[in-house]
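Novice: I'd like to ask some things about the structure below.
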Amino acid sequence: MADDRRTLLLTGASRGIGHATVRKFNAEGWRVITCSRQPFPEQCPWGGGQENHVVLDLSDPADTINAVGIIQEKLDGRLDALVNNAGISPKGPEGERLNTLDTGLMDWGKVFHVNFFASVVLARGLKDELAAAKGAVVNVTSIAGSRVHPFAGAAYATSKAALAALTREMAHDFGPMGVRVNAIAPGEVETAILSPGTDKIVEKLPMQRLGQPEEVASAIYFLCSDQSSYISGAEIEVNGAQHV
Ligand SMILES: NC(=O)c1ccc[n+]([C@@H]2O[C@H](COP(=O)([O-])OP(=O)(O)OC[C@H]3O[C@@H](n4cnc5c(N)ncnc54)[C@H](OP(=O)(O)O)[C@@H]3O)[C@@H](O)[C@H]2O)c1
């Protein structure tokens, strides 16, 4: 029997915001295809997740380009949503912030491959499938892309600023295909990516609490749903008013 569910492809589903997002889409009746370095997480399954998981290291350009074909074989010629969520934020040996003076070029490049170039490769590689479904792309940026952050390093911040610019460029180029492209920029969300000391930032936030991964997942879902059918090229802040 043909599977007439909408299909999501999301990078970095094994934990955090990505994991909450695939659970949300699954609960809403979507088919979910995922990729990350780890195998499918047995401890937190969602329907059909095992056979729809692609083990992939997005820091490896050849691996990422090769994965496009593997993903296409899992699609029926249509992709309703691509969420570029996987991201890394490396720290120094003592957990310190890496600034523009002390970030090694190889490390900087690796951050750009995961946080930025992988989004280009997947979106371009799957443009026909996205166009066939009149689908949506959501890039997960960060508040660190628009201001210096006490913990997020220079490589991370510049990769997220580039991803925000890519969202604008892609909205322009994919729009004629009927594909919408948006970004969400989280603030401090309770996941493994946070650094010790985040509680000091949170005390000063207007909403005075961390965000939960499910609260970010809802914003991503909105941008992939018909509720946002005329929104493209936008970056939505999901940060409890941290940016004001
Ligand atoms: N949490 C926050 O406060 C916050 C704030 C602003 C922006 N963000 C952004 O939100 C997104 C999700 O963050 P998170 O907090 O949920 O992070 P997380 O808990 O650290 O999860 C990151 C995900 O990315 C995957 N990943 C990392 N490196 C990868 C690679 N080389 N290849 C493939 N997959 C890779 C990981 O899976 P594997 O380990 O299995 O590969 C994991 O599923 C990121 O883009 C992050 O920059 C988060």
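Novice: Among (1) at pLDDT 95 or above; (2) more than 10 Å from the ligand (Cβ to nearest atom); (3) open to solvent by less than 30 Å² (accessible area, probe 1.4 Å), there is one condition Trp46 misses while meeting the rest; what is its number?
Specialist: Condition not satisfied by Trp46: (1).
Novice: Of all residues in segment 1-25 being open to solvent by less than 10 Å² (accessible area, probe 1.4 Å), in a helix (DSSP H, G or I) and closer than 22 Å to Val120 by Cα, which is nearest to the ligand (Cβ to nearest atom)?
Specialist: Among residues in segment 1-25 that are open to solvent by less than 10 Å² (accessible area, probe 1.4 Å), in a helix (DSSP H, G or I) and closer than 22 Å to Val120 by Cα, the one nearest to the ligand (Cβ to nearest atom) is Gly18.
Novice: Among the residues of segment 174-191, which ones are near the ligand (Cβ under 10 Å from one of its atoms) and either open to solvent by 40 Å² or more (accessible area, probe 1.4 Å) or without any contact (Cβ under 8 Å) to a residue 40 or more places away in the chain (or both)? Outline the logic, then answer.
Specialist: Filtering segment 174-191 down to residues near the ligand (Cβ under 10 Å from one of its atoms) leaves 184-191.
Matches in segment 174-191: Glu190 only.
Novice: For the condition within 16 Å of the ligand (Cβ to nearest atom), buried (at least 18 other Cβ atoms within 10 Å of the Cβ) and either within 20 Å of Leu10 (Cβ to Cβ) or touching a residue at least 12 places away in the same chain (Cβ under 8 Å) (or both), what is the one hit in Ala161, Ala171, Ala154, Ala133?
Specialist: Details: Ala161 fails: buried (at least 18 other Cβ atoms within 10 Å of the Cβ); Ala171 fails: within 16 Å of the ligand (Cβ to nearest atom); Ala133 fails: within 16 Å of the ligand (Cβ to nearest atom).
Answer to the check: Ala154.
Novice: Out of Ala62, Ala67, I need the residue that is surrounded by 21 or more Cβ atoms within 10 Å (Cβ to Cβ), more than 18 Å from Ala136 (Cα to Cα), modelled with pLDDT of 95 or more and over 16 Å from the mean Cα position of the chain (by Cα). Which one?
Specialist: Ala67
Novice: For Pro206, indicate whether it is closer than 21 Å to Ser146 by Cα, at pLDDT 95 or above and away from the ligand (no atom under 14 Å from the Cβ). Reasoning before the result, please.
Specialist: Values: closer than 21 Å to Ser146 by Cα: yes; at pLDDT 95 or above: yes; away from the ligand (no atom under 14 Å from the Cβ): yes.
Yes.
Novice: Applying the selection to segment 213-244, what residues are surrounded by fewer than 16 Cβ atoms within 10 Å (Cβ to Cβ) and under 10 Å from Ile184 (Cα atoms)?
Specialist: Of everything in segment 213-244, just one residue is surrounded by fewer than 16 Cβ atoms within 10 Å (Cβ to Cβ) and under 10 Å from Ile184 (Cα atoms), namely Ala234.
Novice: Same structure again: Return yes or no: is Leu194 within 13 Å of the ligand (Cβ to nearest atom), surrounded by 16 or more Cβ atoms within 10 Å (Cβ to Cβ) and not β-branched (Val, Ile, Thr)?
Specialist: Judged against the criteria, Leu194 is a match.
Novice: Right, here's the next one. Would you pick out the residues in segment 49-81 that are more than 13 Å from the ligand (Cβ to nearest atom) and acidic (Asp, Glu)?
Specialist: Matches in segment 49-81: Glu51, Glu73, Asp76, Asp80.
Novice: For segment 209-224, which positions are within 15 Å of the ligand (Cβ to nearest atom) and of a type outside the set (Ser, Thr, Tyr)?
Specialist: Scanning segment 209-224 gives Arg209, Leu210, Gly211, Gln212, Pro213, Glu214, Glu215, Val216, Ala217, Ala219, Ile220, Leu223.
The values are calculated or read from the model by the stated rules, or taken from the named source; none is laboratory data. Note that this is a predicted model, so its numbers are computed, not measured. Every residue, glycine among them, receives a Cβ derived from its backbone with ideal geometry; neighbour counts consider all protein chains shown. Keep in mind that these areas ignore ligands, DNA and RNA; they rest on the heavy atoms of the full protein, side chains included. Shrake-Rupley method; radii C 1.70, N 1.55, O 1.52, S 1.80 Å.
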